[in-house]
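What follows is one structure encoded as structure tokens, with my remarks underneath.
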Amino acid sequence: MHNVEEHALQTYQANLKYLETNHQSLYNKINLLNTLMENGSYAEKYALEYREDGYFDVLELSTKEFLYKVNSVEHAKTMISSVDLKRSGGIFKAQKFIYATREQADEIDKSELSFHNTLWATVKIMSYFTEYISPETYMQRVNKIIFLGTGLGLHLSGIISKLGARIVFIQEKNIELFRLSLFTTNYNQLSQESSLHFSITQDEGEEKENFIAFLDTGNNHNLHLKHIPFSDNYQSSLRKLQSYVLSQSYINYGYSAMLLRFIDSPEYITRGYSFLNVNKRYTNNVISNKPVLLLFSGPSTSKNLDWIKDNHTKFIIVSALSTCRLLSTIDLSPDIVIHVDPDENSALLFNDLNAKEYFKDTFALLASNVDEQTLQKFDENRVHFIEQGTKYKKDFGQFSAPSVGEYTYGIFLILGISNLYMLGIDLALDSETLQSHDSSHPFQRKGIVEDNSASLTPSSTIEYVRGNFLDQVPTFSTYKLSIQQVSIFTETIKQKDQNIFNLSNGAYLEGCEPLKIDNLNLDAFNSLNKNDLKCELAEFFEDIGDKHFREEDREQISYQVKEAKKLEKVIRNFKKNKYPNIDTYLYSVAKLASDLSDMDYKSNSDLAQIYYEYFSIIQSYIFDLFNTKDLEDKHKHMDKINQILVSQLLKISTLYITRLNKYLK
């Protein structure tokens, strides 16, 4: 018994030393817990006990129940025996997995790039993978694994060794339990086998940052990760981790959308449309001198149409294009309409609207990559563009956000808003119906409560967040990105003298004061002279905009073409290489990804950004193909997959260079 206790204490001390050196914040948590227990500020809830049968267990002091209830060593052996190298069973989805036949892949490959055509340059590689690799095949090793709960950690080493894992994420929500595992599991030894990422009682922000770092480490192995739960109660943790996956740019706004943005955005500059300078902050203007009401398509707007109808003359009315069909039911046209979506399905937003008549007095602020059909619905003299994530209009800045609600919030902070009232930027579902938008919205979604599944498809599974008026409100994981973006804009753009009021019964938004409509006193609000307002807005936008395709703008495009040709040369040189074995080839693919992606931002190449997002997807398919046990004809596969890879990379660069050159002629 003495030797057992001594060994446990030695393991604990070695772990503390390891954490202090390699995981300082976790070490500080453990150290603080020790201090609190020693001075009596924290009452221990668990105790480590060595049972007569020669194993450790955890006793819950309040109930006198044991955690394992069986021999913990045998329990660990059972867990180890239950895992395998098969591409099914406990698979964690860190990539969207696509199945396509060879014929389907060829058809998509030959199609034109569009906003929804996300498979345009990836489907050939994905299809080749699925043609030869099924969920019934076995991997040589599972490079990355996720432990959901640790217990005493007795199973960790055996599973890591059996699966050959190199990168490991360890989550435990109870720091006291994790502290006890420090006596029984040598994490320092585990770190010699694998790179360890700990999430121990972290808040959502910390855990998300940590998990994204885990995904980024060895991101060429993100196709088939495995998760290993310690107990049956793990689905909520799994869903949370899946939501972090969705926050990554290559999944929620991937290479194809980025490519489309970069090749489309110069169009309206060269045609002489007005672009607003958002590289400056504005004060003392028509926007800052009058109250502004943002009206968007969340459920709160449709529930307050009577109030809007009675009071709209007291505000500058700003709405999303998607809200206009609803506003037309009360004969209201916005003073300013915002649209940022390049989706060709935007045409649905004009159903039942006589656009020329409805928008005749409306100013349109459009992202630089909206589609031509949408643009033609507005009077060109009232259209002003803002660059969307591109920098072709030199020194005019650029602006982007996950969705139009927080985008508009950020833009009006820049334009110098003093008093902003927001209605319909719910970023949450109706708490009663679980509907995402008002009934007139063409892209309505309904939330579904799923307690026993975790999905990588951001479709309908709901989560809960802090409410603006309620303690909690249901939302989608994609909306959480927008909520976080509001916080970023509040922290980085909002000034102390800018007053923001959130009138919506939706999510709480950082920096936006909750204010119920019934408590909004409008007695001091005067009706605005809309004719005068039109003139003032026209003058303001003209002052901060520019309609010329200047020489410095042309040079911006020329620079991007020059850098793109350098990258294309790298690809053509790569094409000439011969590889003696698979390991050499995979190393070369990883190096190519690094060379094309400009990881250090030295060139500021837009095409390099596209390739970064592109490789974030396809590298996992290539590496996973060759991580197959007993894969036959490896060199044949290498030659074929390399041929596909090079052709797709050149397809991207050719389209990019050709389209940009068109603007220079």
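If you go through region 60-89 one residue at a time, how many are open to solvent by 80 Å² or more (accessible area, probe 1.4 Å), at negative phi and either of a type outside the set (S, T, N, Q) or part of a loop (DSSP other than H, G, I, E, B) (or both)?
Matching residues across region 60-89 total 4.
Tell me which residues, restricted to region 1-27, are open to solvent by less than 100 Å² (accessible area, probe 1.4 Å) and within 33 Å of the chain's Cα centre (by Cα).
Within region 1-27, Y18, L19, E20, N22, H23, Q24, S25, L26, Y27 qualify.
Looking only at region 28-40, count every residue that is within 39 Å of the chain's Cα centre (by Cα) and open to solvent by 40 Å² or more (accessible area, probe 1.4 Å) and tell me the total.
6
Given the condition of a type in the set (A, V, I, L, M, F, W, C) and part of a helix (DSSP H, G or I), answer yes or no: does some residue in region 526-536 qualify? Even if it seems obvious, please write down each step before you answer.
Narrowing region 526-536 to residues of a type in the set (A, V, I, L, M, F, W, C): 528, 533, 535.
From what is left, the residues that are part of a helix (DSSP H, G or I) are 533, 535.
For region 526-536, residues of a type in the set (A, V, I, L, M, F, W, C) and part of a helix (DSSP H, G or I): present.
Which ones in region 488-522 are under 21 Å from K208 (Cα atoms) and of a type in the set (D, E, K, R)? It would help to see each step written out before you state the result.
To start, the set of residues in region 488-522 that are under 21 Å from K208 (Cα atoms) comprises 488-492, 507-510.
E491, E510, listed by residue number.
Of N3, N15, which residue is part of a helix (DSSP H, G or I), modelled with pLDDT under 95 and within 28 Å of K69 (Cα to Cα)? Quick ask: steps written out before the conclusion?
Working: N15 fails: modelled with pLDDT under 95.
Of N3, N15, the one residue that is part of a helix (DSSP H, G or I), modelled with pLDDT under 95 and within 28 Å of K69 (Cα to Cα) is N3.
Taking into account only those residues within region 90-143 that are buried (at least 19 other Cβ atoms within 10 Å of the Cβ), polar (S, T, N, Q) and modelled with pLDDT under 90, which is farthest from N627 (Cα to Cα)?
This residue is T118.
If I go through region 131-160 residue by residue, how many of them are under 29 Å from the mean Cα position of the chain (by Cα), on the phi < 0 side of the Ramachandran plot and not β-branched (V, I, T)?
Result for region 131-160: 8.
Here are the criteria: (1) open to solvent by 40 Å² or more (accessible area, probe 1.4 Å); (2) over 24 Å from N369 (Cβ atoms). Tell me which single one H637 does not satisfy.
(1)
When you scan region 529-544, do you find a residue that is open to solvent by less than 90 Å² (accessible area, probe 1.4 Å), farther than 30 Å from N289 by Cα, in contact (Cβ under 8 Å) with a residue 12 or more places away in the chain and of a type in the set (D, E), even just one?
no
Given the options Q619, Q643, Q609, name the one that is over 22 Å from Y132 (Cβ atoms) and in a helix (DSSP H, G or I). Reasoning before the result, please.
Numbers: Q619 fails: over 22 Å from Y132 (Cβ atoms); Q643 fails: over 22 Å from Y132 (Cβ atoms).
Exactly one of Q619, Q643, Q609 is over 22 Å from Y132 (Cβ atoms) and in a helix (DSSP H, G or I), namely Q609.
Just the residues that are within 24 Å of D395 (Cβ to Cβ), crowded, with 19+ Cβ neighbours inside 10 Å and within 27 Å of the chain's Cα centre (by Cα), please, taken from region 277-304.
V278
Considering only residues that are under 16 Å from K636 (Cα atoms), without any contact (Cβ under 8 Å) to a residue 24 or more places away in the chain and touching a helix residue (DSSP H, G or I) at 6+ places or on another chain (Cβ under 7 Å), which ones fall in region 575-603?
Answer for region 575-603, where residues must be under 16 Å from K636 (Cα atoms), without any contact (Cβ under 8 Å) to a residue 24 or more places away in the chain and touching a helix residue (DSSP H, G or I) at 6+ places or on another chain (Cβ under 7 Å): just N577.
When the residues of region 546-569 are filtered to those that are acidic (D, E), assigned to a helix (DSSP H, G or I) and touching a residue at least 40 places away in the same chain (Cβ under 8 Å), which remaining residue is surrounded by the most Cβ atoms within 10 Å (Cβ to Cβ)? Steps first, answer last, please.
Of the residues in region 546-569, the ones acidic (D, E) are 546, 551-553, 555, 563, 568.
Among the residues that remain, those that are also assigned to a helix (DSSP H, G or I) are: 551-553, 555, 563, 568.
So of that shortlist, the ones also touching a residue at least 40 places away in the same chain (Cβ under 8 Å) come out as 552-553, 555, 563, 568.
Values: E552: 10, D553: 22, E555: 13, E563: 17, E568: 19.
The extreme case among them is D553.
Quick check on region 506-520. Is at least one of its residues open to solvent by 20 Å² or more (accessible area, probe 1.4 Å), touching a strand residue (DSSP E or B) at 6+ places or on another chain (Cβ under 8 Å) and on the phi > 0 side of the Ramachandran plot?
yes
Of all residues in region 41-59 being open to solvent by 60 Å² or more (accessible area, probe 1.4 Å) and without any contact (Cβ under 8 Å) to a residue 40 or more places away in the chain, which is nearest to G153 (Cα to Cα)? So that I can check it myself, show each step before the final result.
Step one: of region 41-59, the residues open to solvent by 60 Å² or more (accessible area, probe 1.4 Å) are 41-45, 49-53.
Now narrow it down to the ones that are without any contact (Cβ under 8 Å) to a residue 40 or more places away in the chain: 41-43, 49, 51-53.
Numbers: S41: 27, Y42: 24, A43: 23, E49: 15, R51: 17, E52: 20, D53: 19 Å.
Per the criteria, the residue is E49.
Among the listed residues K629, K662, identify the single one that is under 20 Å from V561 (Cβ atoms), modelled with pLDDT of 95 or more and open to solvent by 20 Å² or more (accessible area, probe 1.4 Å). Working first, answer last.
On the way: K629 fails: under 20 Å from V561 (Cβ atoms).
On inspection, the qualifying residue turns out to be K662.
Of all residues in region 149-173, count the ones that are open to solvent by 10 Å² or more (accessible area, probe 1.4 Å) and among the hydrophobic types (A, V, I, L, M, F, W, C).
Residues that pass the stated criteria total 2.
Kindly indicate whether I483 is modelled with pLDDT of 90 or more, surrounded by 14 or more Cβ atoms within 10 Å (Cβ to Cβ) and touching a Cys at 6+ places or on another chain (Cβ under 6 Å).
On the way: modelled with pLDDT of 90 or more: yes; surrounded by 14 or more Cβ atoms within 10 Å (Cβ to Cβ): yes; touching a Cys at 6+ places or on another chain (Cβ under 6 Å): no.
Against the criterion (modelled with pLDDT of 90 or more, surrounded by 14 or more Cβ atoms within 10 Å (Cβ to Cβ) and touching a Cys at 6+ places or on another chain (Cβ under 6 Å)), I483 does not qualify.
Does region 204-242 hold any residues that are over 30 Å from Y68 (Cα atoms), among the polar types (S, T, N, Q) and in a helix (DSSP H, G or I), and which are they?
The first filter runs over region 204-242 and keeps only residues over 30 Å from Y68 (Cα atoms), leaving 205, 209, 212-213, 215-223.
Then drop every residue that is not among the polar types (S, T, N, Q), which leaves 217, 219-220, 222.
Correct list: N219, N220.
Conditions (1) open to solvent by 30 Å² or more (accessible area, probe 1.4 Å); (2) modelled with pLDDT of 95 or more; (3) closer than 20 Å to L295 by Cβ, marked per residue:
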{"residue": "E432", "(1), (2), (3)": "yes, no, no"}
{"residue": "H437", "(1), (2), (3)": "yes, no, yes"}
{"residue": "T457", "(1), (2), (3)": "yes, no, no"}
{"residue": "S460", "(1), (2), (3)": "no, no, no"}
{"residue": "N499", "(1), (2), (3)": "yes, yes, yes"}
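Only one of S195, S199 is under 30 Å from I641 (Cβ atoms), free of Cβ contacts under 8 Å to residues at least 40 places away in the same chain and of a type in the set (S, T, N, Q); which? Quick ask: steps written out before the conclusion?
Details: S199 fails: under 30 Å from I641 (Cβ atoms).
Among S195, S199, only S195 is under 30 Å from I641 (Cβ atoms), free of Cβ contacts under 8 Å to residues at least 40 places away in the same chain and of a type in the set (S, T, N, Q).
So that you can scan it fast, the table gives a plain yes or no per residue for (1) in contact with a His (Cβ under 6 Å, 6 or more places away or on another chain); (2) of a type in the set (D, E, K, R); (3) farther than 28 Å from S647 by Cβ:
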{"residue": "I98", "(1), (2), (3)": "no, no, no"}
{"residue": "D109", "(1), (2), (3)": "no, yes, no"}
{"residue": "E136", "(1), (2), (3)": "no, yes, yes"}
{"residue": "R141", "(1), (2), (3)": "no, yes, yes"}
{"residue": "G149", "(1), (2), (3)": "no, no, yes"}
{"residue": "S161", "(1), (2), (3)": "no, no, yes"}
{"residue": "I167", "(1), (2), (3)": "no, no, yes"}
{"residue": "N174", "(1), (2), (3)": "no, no, yes"}
{"residue": "L180", "(1), (2), (3)": "no, no, yes"}
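Restricting region 202-217 to residues that are touching a strand residue (DSSP E or B) at 6+ places or on another chain (Cβ under 8 Å) and surrounded by fewer than 18 Cβ atoms within 10 Å (Cβ to Cβ), which is nearest to I80 (Cα to Cα)? Spell out the reasoning first.
Residues of region 202-217 touching a strand residue (DSSP E or B) at 6+ places or on another chain (Cβ under 8 Å): 206-207, 210-211, 213-214, 217.
Filter once more, so that each one left must be surrounded by fewer than 18 Cβ atoms within 10 Å (Cβ to Cβ): 206, 213, 217.
Details: E206: 29, A213: 26, T217: 25 Å.
Across region 202-217, the extreme among qualifying residues is T217.
Name the residue that is farthest from K208 (Cα to Cα), counting only residues in region 460-487 that are of a type in the set (S, T, N, Q) and in a strand (DSSP E or B).
Taking region 460-487 first, the residues of a type in the set (S, T, N, Q) are 460-461, 468, 472, 475, 477-478, 482, 484-485, 487.
Then keep just the ones that are in a strand (DSSP E or B); that gives 461, 472, 475.
On the way: T461: 19, Q472: 20, T475: 18 Å.
The selected residue is Q472.
Of the numbered conditions (1) open to solvent by less than 20 Å² (accessible area, probe 1.4 Å); (2) touching a residue at least 60 places away in the same chain (Cβ under 8 Å); (3) part of a loop (DSSP other than H, G, I, E, B); (4) over 21 Å from R239 (Cβ atoms), E176 satisfies every one except a single condition; which is it?
If we test E176 against (1) open to solvent by less than 20 Å² (accessible area, probe 1.4 Å); (2) touching a residue at least 60 places away in the same chain (Cβ under 8 Å); (3) part of a loop (DSSP other than H, G, I, E, B); (4) over 21 Å from R239 (Cβ atoms), just (3) comes out false.
The values are calculated or read from the model by the stated rules, or taken from the named source; none is laboratory data. Owing to the predicted nature of the structure, the values given are computational and were not obtained by experimental measurement. All Cβ positions, glycine included, derive from the backbone under ideal geometry; neighbour counts span all protein chains shown. When the accessible area is computed, the model is the full protein with side chains, heavy atoms only, and any ligands, DNA or RNA have been set aside. Shrake-Rupley method; radii C 1.70, N 1.55, O 1.52, S 1.80 Å.
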